């Protein structure tokens, strides 16, 4: 036997058992004194790739289950758009108050003052309208600042909430 543990007779036996289709574990048990991995390594080094056909019979393919056919989608007809003969009139805004803002600092606005910004916030001339307001803005700025269909609520206004809490 050589130093590696593979004598001529063991290599011949390994080759024959491998070609007979035995697994590496079965060959290792029959040879004795070698592991399954040693058998796999020796088979690889010997280049033994051809093996006997697998003894497990191949399964016959199952016939595919028929899938129900989906009905074809029919595109819905486009909705008929009626041309309105009279367009709704455009509502004009009330003219905004002229002149510079009355309050130059947000901290000086009262809870009932118009908070409509006037000018560029980065310029020193920036101010707020400051006129009497029932909500966030005076009547003139309220038409511009609130979208139609939305109601202004004082409890949702963060400025009013801070003013009521005494923070302004």
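The values are calculated or read from the model by the stated rules, or taken from the named source; none is laboratory data. From a predicted model like this one, the values you see are computed outputs, not experimental measurements. Glycine also receives a Cβ, built like all others from the backbone with ideal geometry; neighbour counts cover every protein chain displayed.
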Legend entry - Neighbours by Cβ (under 7 Å, 6+ apart or cross-chain): first from the stretch 6-28, over 15 Å from residue 47 (Cβ atoms); second assigned to a loop (DSSP other than H, G, I, E, B): 7/1; 20/52; 21/51; 21/52; 21/55; 28/34; 28/35
Inset, instruction - Out of 161, 87, 147, 82, report the one residue that is part of a loop (DSSP other than H, G, I, E, B) and either at pLDDT 75 or above or under 37 Å from the mean Cα position of the chain (by Cα) (or both). - result: 147
Inset, instruction - Please identify the pairs in which a residue from the stretch 104-122 that is under 14 Å from residue 142 (Cβ atoms) has its Cβ atom under 7 Å from the Cβ atom of a residue that is surrounded by fewer than 13 Cβ atoms within 10 Å (Cβ to Cβ), counting only partners at least 6 apart or on another chain. - result: 112/132
